[in-house]
Amino acid sequence: MNNQVMPDKFTYLHQIIRLNNQINNLNKLYEKKFGLSLVQWVVIGILKDVPGISAFELARKVGVHPSTLTQSLKRIRAKNFININLNPQDNRQKLISISKEGFNAYQQLEEELSGFIGNLAMLKDEIEAIRALFH
């Protein structure tokens with residue numbers, strides 16, 4: 001049996017709001033610095049690991065609706081960070097992969113992300129509060 005005292009619901013909500021504010025601030029910083037949102041950087045990171053993926057599968061891996069992904073892909077493509085080509089086995093489907101420019105930009109971002117990971121460690125209580133709400 002767990003003897004840990006659980007915070008009340010308002011404490012959870014407060015922690016979620018703090019985490020949300022931190023993420024929003026970080027997102028603004030990365031949009032200003034790199035011109036892409038955190039979600040768009042996640043897209044590029046997935047493409048780095050899974051080249052030639054369909055838009056539907058990419059949306060599933062990112063955890064966004066395909067229409068949301070379409071808007072993100074337009075912004076990423078405008079920066080020449082991705083390539084979109086027809087699937088040679090099915091001309092109705094497009095395959096997305098990271099470009100050389102996108103790969104280089106992602107490597108630069110990875111260095112920046114080490115600071116972000118440190119910031120996440122400071123938000124451990126807020127993250128645990130969210131986990132508790134969904135379990």
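The values are calculated or read from the model by the stated rules, or taken from the named source; none is laboratory data. Note that the coordinates shown come from a computational prediction; the quantities given were computed from them, not determined experimentally. Methodologically, a virtual Cβ is constructed for each residue, glycine included, from the backbone with ideal geometry; neighbour enumeration extends over all protein chains shown.
Those residues that are over 17 Å from S37 (Cα atoms) and surrounded by 15 or more Cβ atoms within 10 Å (Cβ to Cβ), I need them from the stretch 58-93; list them, please.
The answer is N83, and nothing else.
Just the residues that are under 25 Å from N91 (Cα atoms), touching a residue at least 24 places away in the same chain (Cβ under 8 Å) and part of a loop (DSSP other than H, G, I, E, B), please, taken from the stretch 6-54.
P51, G52
Can you pull out the residues in the stretch 55-82 that are over 9 Å from I96 (Cβ atoms) and not in a helix (DSSP H, G or I)?
Of everything in the stretch 55-82, those that are over 9 Å from I96 (Cβ atoms) and not in a helix (DSSP H, G or I) turn out to be G63, V64, H65, K79, N80, F81.
Take the residues in the stretch 76-115 that are in contact with a Lys or Arg (Cβ under 9 Å, 6 or more places away or on another chain) and among the acidic types (D, E), then tell me which one is nearest to A59 (Cα to Cα).
This residue is E101.
Report every pair of residues separated by at least 6 positions or lying on different chains whose Cβ atoms are under 7 Å apart, first residue within the stretch 55-84 and among the charged types (D, E, K, R), second at pLDDT 95 or above and part of a helix (DSSP H, G or I).
If the second residue must be at pLDDT 95 or above and part of a helix (DSSP H, G or I), the pairs left are K61/I46.
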